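Below you'll find the structure, written out as structure tokens, and then a few comments.
Every number in this text was worked out from the coordinates using simple rules, so none of it is lab data. Just so you know, these numbers come straight off a predicted model, no measurement behind them. In this analysis, Cβ positions are derived from the backbone assuming ideal geometry, glycine residues included, and neighbour counts consider all displayed protein chains.
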Amino acid sequence: MARGSAAITGMGVRSPLGGTAGELFDALLAGRSGVRTFDDWDRIADLGTRVGAPVPDFDPRRIPRKHRRTMGRCAMFGVVAAEDAARAAGLADGLLRSGRVAAAIGSTVGSTAAEEAFWREVIETGSARGIRSTHFLQVMSHTVAANVAMYLGLSGPMIATNAACASSNQAIGAGLGLVRNGDADAVLAGGADELHVMAALVFDVMGGASASFNDRPEATPRPFDRDRDGIVVGEGAGILVIEDEAHARARGASPIARVLGYGATSDAVNMAHPAPEGMARAVRLALEDAGVAPEDVDWVCAHATGTPVGDAAEAEALYGIFGDRVPVSSLKGHLGHTLGACGGIEAVAAVEAMRRGVVPGTRNLEHPDVAPLWLPSEPVERPVEVVVSTNFAFGGVNTAVVLGRAEG
Amino acid sequence: MDASDVIRTIDRILVEDFELDAEQVVPEASLREDLDLDSLDAVDLVVALEKAFGIRIDAKVVEKMQTVGDIHAYVRGVFESGEFPAAAPEPAREAGK
């Protein structure tokens, strides 16, 4: 039974393929790739993967130094995306500072680059004297949420969701909960992450990073494709303004979409190996929470990162719920895996899909070899009223968000 | 390193690390009011000065400084004395929480 929706009144994004929702979605429809080769990763012996999906041409100088000094790259992405979202929603300064606007924003960890610099200083000098006062503020796991709150003057609750690749969806779920419970009138919700070789290295040693396409970066990752060989780490941020609909209307704002429901489960089976049952339960819980039947869903924006095991498990879970009736596609083929940011970026894309009536296909999907879902590799034009967006993470974390069209 | 090198280096740190306009960085400029530097910046300024000059600076001394000229005078004094002050056992830092 539906527990009530919340309005989405604004959104902001930074991604390997664009710094606005429109730019990003145009690139998705055009089938562009944000993946490139990182030759300098050669410095790390035995690292197989050399591909990543960076945010190009990001100029942090638009953030004043006094704010920027406590931010690593992930927090900077989060702050500029949140600022864009707040501005798009028309949230006035007085409202932002009213105590009724919250931050629910996640990242895998804090800034890995800042943490690397911290330990490099300590190890190279054997001393604590070279550590800057702001180092920890960039490293701490709630750095994105804290910096967004500080920058925008948010004085409602602050929630930092740090569950790796599920961080954004958890934040959106938390944001929906805050609005439903009346604990906030509006929530800046989503996630941000930065590309650092550590994440690529971690997936690499676990056999989960793409290493066969280093000379053809645009050909990887390959979600649901038989030749997929793993994750390509990306970066960026995706932030929504989730707002109580009556509150939005009272201040003259119109919803651009809605958050209808959220579902989450834990596998408690294996830290790294995905379990289709847990994934399916999360999707069913989200649908139930939204009051939506599987046949009412117009697009499943799948987590599918391009790993052999993960994509197959997700396809199996989704097939059991949706059969072959709903187009299922992953944006990872275009954007790589933006980790803690992916759910936020995917939600922004979902809102844009609902606005335009077209679903992006999965880039690099040529030969599907998973459960027989409807897996378009090219855009599909269709009315998009309801989108399910899934994200899963190490530790058996399964999440699904249900988004609805504004007019729906 | 002579006195003018010391002053040039300090001013360069203030301009580059703290993104100040070179015209702002004059001896009489107040660190807090004119340059908007705070206690977190004071800690980072100590780190930058120590690295640039290869000396040790008592963070508590820097926190008490009022102007750019005070920093000039302090670092020049360190060089002219030929004795680098030992680090404070517990440098005053922004309280963590």
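Some values worked out for this structure:
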quantity: Percent RCO, i.e. relative contact order, over region A:139-297, from Cα pairs under 8 Å lying at least 6 residues apart; calculated: 18 percent
quantity: Given charges at beta-carbon only (K, R positive; D, E negative), |dipole| of region A:232-332 in Debye; calculated: 240 debye
quantity: Relative frequency of Cα-Cα separations exceeding 16 Å in region B:3-81, percent; calculated: 42 percent
quantity: More than 23 Å apart - percent of Cα-Cα pairs taken over region A:123-264; calculated: 53 percent
quantity: Most fluctuating residue given options A:Gly175, A:Gly34, A:Gly395, as computed from a GNM of chain A linking Cα atoms under 10 Å; calculated: A:Gly395
quantity: Average silhouette area of region A:236-287, convex hull of alpha-carbon atoms, in square nanometres; calculated: 5.6 nm²
quantity: Relative contact order [Cα under 8 Å, 6+ residues apart], region A:1-155, whole percent; calculated: 27 percent
quantity: Percentage relative contact order, chain A, counting C-alpha pairs under 8 Å, at least six apart; calculated: 24 percent
quantity: Choice from A:Ser33, A:Ser168, A:Ser254 with maximal GNM fluctuation in chain A (Cα, 10 Å cutoff); calculated: A:Ser254
quantity: Which of A:Ala146, A:Gly310, A:Ala6, positive extreme of dipole for chain A (C-beta unit charges); calculated: A:Ala146
quantity: Mean projected area in nm² (Cα convex hull; one quarter of hull surface) for region A:201-360; calculated: 10.7 nm²
quantity: In sequence order, calculated HN-Hα J values of region B:53-58 (Karplus, 6.51, -1.76, 1.60; Hz; x Gly/Pro); calculated: 9, x, 10, 10, 10, 6
quantity: Most mobile of A:Arg228, A:Arg129, A:Arg61 in a GNM of chain A (Cα contacts under 10 Å); calculated: A:Arg129
quantity: Ratio of the Cα radius of gyration of chain A to 2.2 N^0.38 Å, where N counts its residues; calculated: 0.91
